[in-house]
Structures are given as C-alpha cells and as structure tokens.
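Beneath this line is the structure, given in structure tokens, with notes to follow.
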Amino acid sequence: MKLNLFKNMKFTTKRSIEALIFLLLFLGIFGGIGSVMGVPNMLNTIMNTSYSLLLETVFYLMGITVLSGALGKLLVEFGVVRLLENILRPLMKPLYNLPGVAALGAVITFLSDNPAIIGLAKDKNFSSYFKKYQLVSLTNFGTAFGMGLVLIVFMIGRGYAAPAMVGLFGAVVGSVVSTRMMQRLVLKKHPELDAPVSNMDGDSQKISFKSEGGIFLRALNAILDGGKTGVELGLAIIPGVLVISTAVMMLTFGPGEGGYTGEAYQGVAFLPYLADKINFVFDWLFGFKSPELVAFPMTALGAVGAAMGLVPKFQEAGLLDGNAIAVFTAMGMCWSGYLSTHTAMLDSLGYRNLTSKAILSHTVGGLVAGVFAHWAFVLISLF
C-alpha cells in the first residue's frame, strides 16, 4: 500500500513539474510576442491569419488534392502504376538495396501520402519480398515521396515547372541517402534483422491489379473514389496549415507598413533574425537569399501541407526564385512531415524502438536533397 502511494505521489509530482514547465513556456512565448505586438493585435493577427489561410490556401490545396487523388486512382485503375513499377523495378536494388516491388511503394506514396507505404508493408503478400531491416527502412523510403504529386502540381501552378522538376530529382537523391543510412544504422545495432520477413499465410502470389466492369464505369468509380480520398487528405492538412503555418508566419514576418494593426500575416520576425546570423550557411547550402525562406523547410519537418501554405506569401513578398522553389520541392517532398508520422509508422510495424534512427537518417536525407537541388539548379542555370 505504501509502495503504491509513493508511486502515485512520484507520478503526481512529475506531472506537476511538467505542467509548470509548459505554463512557463506558454506564457513566455505568447507573453514575449504580445509585448512586441500588443496582446489585442496578437490575438487578432492569429485569428485573421488562420482565416486567411483557410480561404486562400487550404481550399486551394484541397482542390489540388481532390484532382490529384482522382488522377492517382485512374492511374492505378488502368495499369499505369503497374507499368511505372515495372520500369522502376530494376533501379530498386542498386539504388536503395530494396526488392523490385518497393517501386510500387514509391509510386503509391507519390500519388497519396506517407502512411500509404504502411498499408503495403503490412500486406504479407508484399512484405514477403523483404528482409526485416529492409521492411523497416520503407518508412524512410516511402516518406521521401509522400504528397509528391500534390507538391509538384502546386509549384507548377505557381509558375515554377522546371525548378519543381529539379526539386523532384533532389528528393530522389535524398531518399537514397535516407533509406541506405537507415539500413546501415539498423544492421549495425540489430544484425538479427538481416533475415527474411516470414509469410505466415505462405502466399507468394504477386500483388493483384485486376479490375472488373466496363471502362466507363471503372473510370467513373476511380474518379469518385480518388476524389473522395483527396477530400480526406485535404481535410487532414487543415490543422497543420492553420496551426503550424500561423505560428511560423508570426515568427517569420514583421509588422505592416502602419505598424501592428492586427491584420493577417504580421509577426515579430524572430526566425529571420536568427537565420540572418548564420545566413551565409543557408546561402551556400541552399542558395537562400532571404533568411525568411528557412521557414519552409522548418515547417516541412512537421507538415508539408503547412509549408506549402507559406509559399503564396513568400511569392507575394517577392522572396521566391527558381532556386528556392527547387530546394523547397526537394526538401518538402523528401521530409514531408516525417517528424509527425515516423513514430506512428514504425509503431504500426512493431519497431518503435528504431524511431530515433529513422528520424536521424531522414534528417540527413532531407538536407542532402536540398543541397543537391540547389547546386543542380545552379549548374543547369549555367547552360
């Protein structure tokens, strides 16, 4: 009885300390911003920025996700995904040290989002082609292509088609680094995972892409089902865009021409202040000419949808160029919110203890993707 009472007291004390630290941080952050902007202006800016993002960015992104979802479903329905898998299959082993069927995971996540790879990985028919350490590395491999179609279509819609393609190539390079590094870290610490994934059902048939019905009906169902999936994805990005983008924008942008008025997209310009101290690093690595641009990759760590919400404001402020879009596309696609998904993805596979290795590997992969995209764009610009 006394032991249980001691444990309860210890737990209560720990929770009290945690609550106290949270309150101090919460009051410190908002108190600091409020002291600069004024509390009424700060609150009005938060509401106005969120409302503006919802109307001007979220619904635009949702339109893209619905259209890309319908397109992706059509590509699956009529065999284009299977064709792409067959084309990409020979590249899997030399580039990623993965079996050829992994190409399907890259295509599926490119057309949808990161967690789609887990649906495949938990399919015994699919996972039987892998060794255990390779299956674990699919979290990094699939994440590097998450929301790729949405991101690229978004950048093309902003008038940056060529830089977006350079960024796509950079994301591929980053995915190779992330996946290979994850495999090496896992094997070094857990050599016992260098063993085939057992197929409990003994089913060794290939993944089926068979469809039934007439062409018109199949096309109609694919469009409607894909569009519905796009709506769900569009709804899923709303919290990230509104909460994360609003916070990042308030830390990125400064006051308006008339000072602080409570209008949308005003802030304390804290991130540019910090980035400006070491901007020579960002300039050399990524070619960022404005310290504000570092907000995009930082936001992409948690949610690439939220990071895309920053682009229209950057473009309006005249901060964007082709190089920035190439780097944004590479890092946004490669990272695609991995900090918010890696733990859940590995947990669903039963390897939560490897989360730190996955995050470290993907952090390096995303940085490599951005650096490669920058210097590739510089090289291409010379011709």
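Of all residues in segment 283-300, none that is modelled with pLDDT under 90 has its Cβ atom under 8 Å from the Cβ atom of a residue that is of a type in the set (Lys, Arg) and outside any loop (DSSP other than H, G, I, E, B), 6 or more apart or on another chain.
A search for C-beta distances below 6 Å between a residue of segment 14-36 that is touching a residue at least 12 places away in the same chain (Cβ under 8 Å) and any residue that is in a helix (DSSP H, G or I) and of a type in the set (A, V, I, L, M, F, W, C), counting only pairs 6+ apart in sequence or on different chains, returns 33/42. When you check residue 353 against the structure, is it more than 28 Å from residue 58 (Cα to Cα), among the polar types (S, T, N, Q) and at pLDDT below 85, yes or no? When the stated conditions are applied, residue 353 does not pass them.
Take the conditions over 22 Å from residue 372 (Cβ atoms), in contact (Cβ under 8 Å) with a residue 40 or more places away in the chain and crowded, with 21+ Cβ neighbours inside 10 Å and apply them to residue 166. Does it pass? Even if it seems obvious, please write down each step before you answer.
Details: over 22 Å from residue 372 (Cβ atoms): no; in contact (Cβ under 8 Å) with a residue 40 or more places away in the chain: yes; crowded, with 21+ Cβ neighbours inside 10 Å: yes.
It is false that residue 166 is over 22 Å from residue 372 (Cβ atoms), in contact (Cβ under 8 Å) with a residue 40 or more places away in the chain and crowded, with 21+ Cβ neighbours inside 10 Å.
The residue that is modelled with the lowest pLDDT, counting only those in segment 105-149 that are more than 21 Å from the chain's Cα centre (by Cα) and hydrophobic (A, V, I, L, M, F, W, C), is 126.
Could you identify the single residue in 277, 313 that is charged (D, E, K, R) and buried (at least 22 other Cβ atoms within 10 Å of the Cβ)? Don't jump to the end; show me each part of the working.
Numbers: 277 fails: buried (at least 22 other Cβ atoms within 10 Å of the Cβ).
Of 277, 313, the one residue that is charged (D, E, K, R) and buried (at least 22 other Cβ atoms within 10 Å of the Cβ) is 313.
Confirm whether residue 252 is modelled with pLDDT of 80 or more, more than 26 Å from residue 79 (Cβ to Cβ) and in contact with an Asp or Glu (Cβ under 7 Å, 6 or more places away or on another chain). Yes, satisfied. When residue 348 is tested against (1) hydroxyl-bearing (Ser, Thr, Tyr); (2) over 26 Å from residue 154 (Cα atoms); (3) surrounded by 16 or more Cβ atoms within 10 Å (Cβ to Cβ); (4) within 19 Å of the chain's Cα centre (by Cα), only condition (3) is not met. For the residues 61, 55, the requirement of being free of Cβ contacts under 8 Å to residues at least 24 places away in the same chain and out of contact with any strand residue (DSSP E or B) (no Cβ under 8 Å at 6 or more places or on another chain) singles out 55. What do you reckon, is residue 71 out of contact with any strand residue (DSSP E or B) (no Cβ under 7 Å at 6 or more places or on another chain) and surrounded by fewer than 16 Cβ atoms within 10 Å (Cβ to Cβ)? Judged against the criteria, residue 71 is not a match. When each of 302, 267, 318, 366 is tested for being closer than 30 Å to residue 127 by Cβ and not in a helix (DSSP H, G or I), the lone residue that passes is 302. Residue-level check: of (1) surrounded by 23 or more Cβ atoms within 10 Å (Cβ to Cβ); (2) within 19 Å of residue 172 (Cα to Cα), residue 299 misses just (2).
The values are calculated or read from the model by the stated rules, or taken from the named source; none is laboratory data. Quick caveat: nothing in here was measured; it's all calculated off a predicted structure. We place every Cβ from the backbone using ideal geometry, glycine too, and count neighbours over all the protein chains shown.
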